[in-house]
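Since the structure comes first, as structure tokens, the remarks are kept for the end.
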Amino acid sequence: MKIQAAMRPYEVFDPASRKHREYYAEFLKTGTWGHIPIRFAVDEDCNNLAAALQRKLTEYYIGKEFKLS
């Protein structure tokens, strides 16, 4: 039971969330997810979390810049 209590909770990655972007930036800086208090989930089947988050961030910023819906 202690192992489950110590596990970090999952959150679906939201590129509009400043906190989620900060966590991703921390990962880029350190190269590890170990210092991030949550685990990210994405709404797609992938085996590379960092690439999936990068894709979501790219879509987010391109959408903002060019007003895509």
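Once you keep just the Cα pairs under 8 angstrom separated by 6 or more residues, what percentage relative contact order results for the chain? List each step's numbers first, then the result.
Details: 43 pairs, mean separation 23.4, N = 69.
In percent, rounded to a whole number, it is 34.
Simple spin-label model, 7 Å along Cα-to-Cβ: residue 39 to residue 66 in nm?
Label-label distance for residue 39 and residue 66, simple model: 3.5 nm.
Can you tell me the mean projection area, over all orientations, of the convex hull of the chain's alpha carbons? Units nm², please.
Working: hull surface 22.3 nm².
With every direction weighted equally, the projected area is 5.6 nm².
Kindly provide the helix-only [θ] at 222 nm of the chain, computed as the sum of -39,500 (n - 2.57) over DSSP H runs of four or more divided by all residues, to the nearest 500 deg cm²/dmol?
Values: 3 runs with 36 residues, N = 69.
Value at 222 nm, helices only: -16000 deg cm²/dmol.
Which FRET efficiency value, to the nearest 0.05, is calculated for residue 16 and residue 47 with the Förster distance at 22 angstrom and r the Cβ-Cβ distance?
Values: r = 25 Å, r/R0 = 1.12.
Computed FRET efficiency for residue 16 and residue 47 comes out at 0.35.
State the extension gain, in nm to one decimal, for the chain segment bounded by residue 32 and residue 55, taking 0.36 nm per residue of separation less the distance between their alpha-carbons.
So the chain would gain 6.4 nm between residue 32 and residue 55.
Cβ under 12 Å from residue 56's Cβ, residue 56 left aside: what net charge do those residues give with Lys, Arg +1 and Asp, Glu -1?
Working: positive: 21, 55; negative: 14, 43, 44, 59.
For residues surrounding residue 56, the net value is -2.
Excluding residue 11 itself, calculate the net charge of residues whose Cβ lies under 11 Å from the Cβ of residue 11, where each Lys or Arg counts +1 and each Asp or Glu counts -1. Walk me through the intermediate numbers first.
Numbers: positive: 8, 19, 39; negative: 14.
Taking every other residue near residue 11 into account, the sum is +2.
What are the ³J(HN,Hα) couplings of the range 44-60, residue after residue, when phi is run through the Karplus curve with 6.51, -1.76, 1.60 and θ = phi - 60°? Round to Hz, x for glycine and proline.
After applying 6.51 cos²θ - 1.76 cosθ + 1.60, I find 9, 7, 9, 10, 9, 4, 4, 5, 5, 5, 4, 4, 5, 5, 4, 4, 4 Hz.
Taken together, the values in this text are just the output of simple stated rules run on the coordinates, not laboratory data. Nothing here was measured: the structure is a model prediction, and the numbers come from that model. Methodologically, a virtual Cβ is constructed for each residue, glycine included, from the backbone with ideal geometry; neighbour enumeration extends over all protein chains shown.
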